[in-house]
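Quick notes on the structure that follows.
The values are calculated or read from the model by the stated rules, or taken from the named source; none is laboratory data. Keep in mind that what you see is a predicted model, and the values were worked out from it rather than measured. Note that each Cβ is placed from the backbone with ideal geometry, even for glycine, and that neighbours are counted across all protein chains shown.
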Amino acid sequence: MALKNINPTKTAAWSALTNHFNNVQNINIKDLYKDTDRQKDFSIQFDDLLVDFSKNRITKETINLLVDLAKDIDLKDAIEKQFTGETINVTEGRAVLHTALRSTSEEPVLIDGKDIKPKIQSTLRKIRSFSNKVISGKWKGYTGKSITDVVNIGIGGSDLGPDMVVESLQFYKNQLNTHFVSNVDGDHVSEVIKKLDPETTLFVIVSKTFTTQETISNAETIKNWFLKSATIFDIPKHFVAVSTNLEAVDSFGIDKKNVFPMWNWVGGRFSLWSAVGLSISLSVGFDNYKALLEGAEEMDIHFRNENFENNIPVILALLSVWYNNFYNAETEAVLPYSQYLKKLPDYLQQAIMESNGKGVDRNGDKIEYQTGTIVWGSTGTNMQHAFMQLVHQGTKLIPADFIGYKESLYGLEDHHKKLMANYYGQMDALAFGKTKEEVHLELKFSGDEDKINQLLPFKVFEGNRPSNAILFDKLTPKSLGKLIALYEHKIYTQGILWNIYSYDQFGVELGKELANKLLKNQ
């Protein structure tokens, strides 16, 4: 069996964690901060990234015991198995090698005895050459005009990843307008095509099997729209595909030369690093796309080689397990303090919840403990005026990741100072709260003495609400790659800790099957 099969709750580390939790569950972050070295002791600096996890309900002993858990379930072995191409997606009989897509090392990765690195490199060269042709205007449409618009047609991992990255890297965009069509809702595709000129639009159809209902329905509708002003002989100039089904692509009318490969050792939700990311390369240029891959590779190397105590994805995964399995927190908030990252929570919802939303273990037995966390979020400071009320004063414990950048891209210093004051202020408010005494004093000084008794309970903040600060120097393609890879490795670590398979998604199937039955009966 590729992955070891260890029930975490049966390990010595879990027993020790349970005893430890019973002793410390009521500790207060405010009290822990009496240690003046706390921030330094609970932070990890990795190049342009600082992760500060000092505002958590943990002591050094908590971290040591959580690291023991990672060792008891042999996380190191699982990490090596992923990077070296073992069949860790056991239920589907596949390796899981999105890390190989961004690897620049000479170390071969073998699938069925063949090194996959040459294929990856030739695909990257094809992406570069194609992107350069389209961006430079050398690629012409059927009336001899250059391309102005690119439409990505895909769903799930073939949409969410590229869409999120293109949105996040708006600052680095070239002159091409990029659009995304995903939903089978006909109003979605109709709204997109009404803005387009068939003479200057390139369509990228992303579907491994070229049979995905939503994608093929949208592709056919777009093709029919296109053929109102063009002929079938013009299709090769305006449609390209990322797929493995060459026959279906050919019968659609796409030139074989314009097909980019997909491989079954890349899962959809981890595929933006492959040719699925073609629309990213078209949108921001190949050099920026390559920098995205480089950032991810830096995080890969860190995750693979760093001791667990200083390993950012491992620590974040262990903290998530601490709250999910011991404090019974059911959700986690992801809160980027950059409007560019507004689609990141949506992307992470798929990545995390489709991966770890599993109720049976690697034996196929029903699990008696909690697995996948529910992930949600939005951008700061918008969400401070929306759902943060519940995080601050509600009855639920919601650990939160605050993602920030030391520098803004357009350099509006006054704006950025205000943004970052809010970034730090929110985490301090969550951790330290406001006591009855502080509220009392505040009301007294504001001349509201007669209202003290009435308002006091409503203005108290309990605090002791955990958060992580994930702080980069600047939002660049490289730092974005690093951030996405960080969460990918956190997901895998959690799956290993929970003894589940993170890389299948059978839960997606039943609704589709029933929809198809209903369609046949109509």
Exercise for the section: Have a look at Asp115, Asp159, Asp149 and point out the one that is modelled with pLDDT of 95 or more, of a type in the set (Asp, Glu) and not assigned by TED's automatic domain parsing to the domain that holds Asn264. Expected result: Asp115
Problem - When residues of the stretch 134-166 are limited to those that are of a type in the set (Ser, Thr, Tyr) and more than 21 Å from Asp185 (Cβ to Cβ), the one nearest to the chain's Cα centre (by Cα) - result: Thr148
Fill in the blank from the handout: Conditions (1) touching a strand residue (DSSP E or B) at 6+ places or on another chain (Cβ under 7 Å); (2) over 24 Å from Lys256 (Cβ atoms); (3) hydrophobic (A, V, I, L, M, F, W, C) -> Ala219 fails only (2)
Problem - Output for the stretch 234-258, where each listed residue is surrounded by 21 or more Cβ atoms within 10 Å (Cβ to Cβ) and under 19 Å from Arg128 (Cβ atoms) - result: Val240, Ala241, Val242
Handout entry: So Ile491, is it in contact (Cβ under 8 Å) with a residue 12 or more places away in the chain and either surrounded by 18 or more Cβ atoms within 10 Å (Cβ to Cβ) or among the hydroxyl-bearing types (Ser, Thr, Tyr) (or both)
Key = yes
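Every residue, every condition in (1) over 21 Å from Asp48 (Cβ atoms); (2) free of Cβ contacts under 8 Å to residues at least 40 places away in the same chain; (3) within 20 Å of the chain's Cα centre (by Cα), yes or no:
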| residue | (1), (2), (3) |
| --- | --- |
| Thr381 | yes, no, no |
| Ala386 | yes, yes, no |
| Leu390 | yes, yes, no |
| Gln393 | yes, no, no |
| Glu413 | no, yes, no |
| Leu419 | no, no, no |
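One line per residue, one yes/no per condition, for (1) charged (D, E, K, R); (2) not in a helix (DSSP H, G or I):
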| residue | (1), (2) |
| --- | --- |
| Ala421 | no, no |
| Met427 | no, no |
| Ala431 | no, no |
| Glu437 | yes, no |
| Leu441 | no, no |
| Lys451 | yes, no |
| Gly463 | no, yes |
| Leu471 | no, yes |
| Lys474 | yes, yes |
Problem - Flag if Asn22 is surrounded by fewer than 16 Cβ atoms within 10 Å (Cβ to Cβ) and in contact (Cβ under 8 Å) with a residue 12 or more places away in the chain - result: no
Completion exercise
Checked Asp504, Asp473, Asp448 against criteria (surrounded by fewer than 23 Cβ atoms within 10 Å (Cβ to Cβ) and free of Cβ contacts under 8 Å to residues at least 60 places away in the same chain); the one match is Asp448
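Give the number of residues within the stretch 25-49 that are of a type outside the set (Asp, Glu) and without any contact (Cβ under 8 Å) to a residue 40 or more places away in the chain.
Of the residues in that region, 11 qualify.
Okay, residues lined up against (1) crowded, with 22+ Cβ neighbours inside 10 Å; (2) small (Gly, Ala, Ser); (3) outside the structural domain of Phe402 (by TED's automatic domain parsing):
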site	(1), (2), (3)
Ser229	no, yes, yes
Phe260	no, no, yes
Trp273	yes, no, yes
Gly295	yes, yes, yes
Ile312	yes, no, no
Leu319	yes, no, no
Ala329	no, yes, no
Glu332	yes, no, no
Problem - Residue identified as more than 25 Å from Ile484 (Cα to Cα), in contact (Cβ under 8 Å) with a residue 24 or more places away in the chain and surrounded by fewer than 22 Cβ atoms within 10 Å (Cβ to Cβ) among Asp74, Asp68, Asp52 - result: Asp68
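Output the residues belonging to the stretch 99-110 that are more than 16 Å from Ala291 (Cα to Cα) and either surrounded by 21 or more Cβ atoms within 10 Å (Cβ to Cβ) or in contact with a strand residue (DSSP E or B) (Cβ under 7 Å, 6 or more places away or on another chain) (or both).
Listed by number, the residues that qualify are Pro108, Val109.
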Exercise for the section: State whether the residues of the stretch 378-398 include one that is surrounded by 12 or more Cβ atoms within 10 Å (Cβ to Cβ) and assigned to a strand (DSSP E or B). Expected result: no
Practice task
Can you tell me which residue within the stretch 504-522, out of those that are polar (S, T, N, Q) and within 33 Å of the chain's Cα centre (by Cα), is farthest from Asn356 (Cα to Cα)?
Solution key: Asn516
Practice task
Looking only at the stretch 344-366, decide whether some residue is over 22 Å from Ala13 (Cα atoms), assigned to a strand (DSSP E or B) and in contact (Cβ under 8 Å) with a residue 40 or more places away in the chain.
Solution key: no
Practice task
Return the only residue of Val375, Val439 being β-branched (Val, Ile, Thr), more than 24 Å from the chain's Cα centre (by Cα) and surrounded by 14 or more Cβ atoms within 10 Å (Cβ to Cβ).
Solution key: Val439
Exercise for the section: Name the residue, out of Thr381, Thr373, that is of a type in the set (Ser, Thr, Tyr), assigned by TED's automatic domain parsing to the domain that holds Asn324, under 30 Å from Ser158 (Cβ atoms) and at pLDDT 95 or above. Expected result: Thr373
Fill in the blank from the handout: Over the stretch 215-227, the set of residues surrounded by fewer than 18 Cβ atoms within 10 Å (Cβ to Cβ) and of a type in the set (D, E, K, R) is Glu220
Handout entry: Unique match (being under 30 Å from Gln393 (Cα atoms) and modelled with pLDDT under 95) among Leu471, Leu443
Key = Leu443
Completion exercise
For strands (runs of 3 or more DSSP E) lying entirely in the stretch 154-273, having 3 or more residues that are not β-branched (Val, Ile, Thr) picks out 177-181
Completion exercise
Listed by first then second residue, the pairs whose first member lies in the stretch 231-248 and is over 21 Å from Gly137 (Cα atoms), whose partner is surrounded by 16 or more Cβ atoms within 10 Å (Cβ to Cβ) and of a type in the set (S, T, N, Q), with beta carbons under 7 Å and at least 6 positions apart or on separate chains, are Ser243/Ser207
